[in-house]
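A quick write-up on the structure given underneath.
The values are calculated or read from the model by the stated rules, or taken from the named source; none is laboratory data. What you see is a predicted model, and the numbers here were worked out from it, not measured in a lab. Here the Cβ is made from the backbone with ideal geometry for all residues, glycine too, and neighbour counts use every protein chain on show.
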Amino acid sequence: MLYIVKAPNPVLAQKAKEVTKVDKATLNLIEEMKISLDSATDPIGVGLAAPQVGKSLKIFISKPTVKSKVSVFINPVITKSENFDEKHKDKATKLEGCLSLPNIWGDVQRFKMVQVEYLDENNVKHNKQFTGFMAIIVQHEIDHLDGLLFTKRVLDQKGTLYKSEKNEKGEDIFEEINI
């Protein structure tokens with residue numbers, strides 16, 4: 001299992017390098033990332049980018065639910081995106097967290113749809129559209145590959161950051177962070 005690096009580790013602020021070849025080392029990294037993602041239980045991890053395990057490579061994996069199959073994205077590029085319309089603008093903002101920023105949360109405005117071109121672990125090229133929760137995961141993880149943490153998005157969007165703690169019942173309590 002690979003250790004998930006925490007901010008302010010410099011690898012999290014670097015633009016990741018393209019994967020030039022999907023070889024045995026790449027596949028081993030992906031398998032180790034899957035183990036690390038499955039081991040993240042508080043909060044449960046739904047996505048993990050290679051920089052989060054200290055590898056500056058354009059790879060991320062996602063698993064939106066506990067029962068989902070892991071999806072692998074190598075050299076992903078957003079080729080098209082679509083905003084929410086004014087009538088549904090409230091749905092554009094969701095509370096996000098990050099395995100590299102434990103107990104920190106924030107409201108991030110994302111595109112409602114993204115179309116992404118990428119390779120999978122079998123070196124097969126895909127061009128898929130994602131909406132809903134999966135679109136949020138994809139955008140969050142691609143931000144990691146660009147050296148951006150969700151907290152920068154929150155601050156750029158003049159949103160609110162929160163710190164979470166467990167109460168005596170084990171429930172999450174959110175407190176606004178004043179910046």
Legend entry - Any pair with Cβ under 7 angstrom, 6 or more apart, that starts in the stretch 156-179 at a residue that is over 17 Å from Pro43 (Cα atoms) and ends at one that is in a strand (DSSP E or B) and among the acidic types (Asp, Glu): Gly159/Asp107; Thr160/Asp107; Thr160/Glu176
Inset, instruction - Check Leu161, Leu155 and return the single one that is more than 26 Å from Thr20 (Cα to Cα) and touching a helix residue (DSSP H, G or I) at 6+ places or on another chain (Cβ under 6 Å). - result: Leu161
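Can you find even one residue in the stretch 32-39 that is more than 19 Å from Leu149 (Cβ to Cβ), within 14 Å of the chain's Cα centre (by Cα) and at pLDDT 95 or above?
Taking the stretch 32-39 first, the residues more than 19 Å from Leu149 (Cβ to Cβ) are 32, 34-35, 38-39.
This time we only want the ones that are within 14 Å of the chain's Cα centre (by Cα), so: 34.
Now restrict to residues that are at pLDDT 95 or above: 34.
Yes, that holds for at least one residue.
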Inset, instruction - Could you please tell me which pairs satisfy a Cβ distance under 6 Å, a separation of 6+ or placement on different chains, a first residue in the stretch 114-131 that is among the acidic types (Asp, Glu), and a second residue that is crowded, with 17+ Cβ neighbours inside 10 Å? - result: Asp120/Val72; Glu121/Ile30; Glu121/Val72
Legend entry - Filter result for the condition that a residue is aliphatic (A, V, I, L, M), surrounded by fewer than 19 Cβ atoms within 10 Å (Cβ to Cβ) and over 24 Å from Ser39 (Cα atoms), over Ile173, Ile177: Ile177
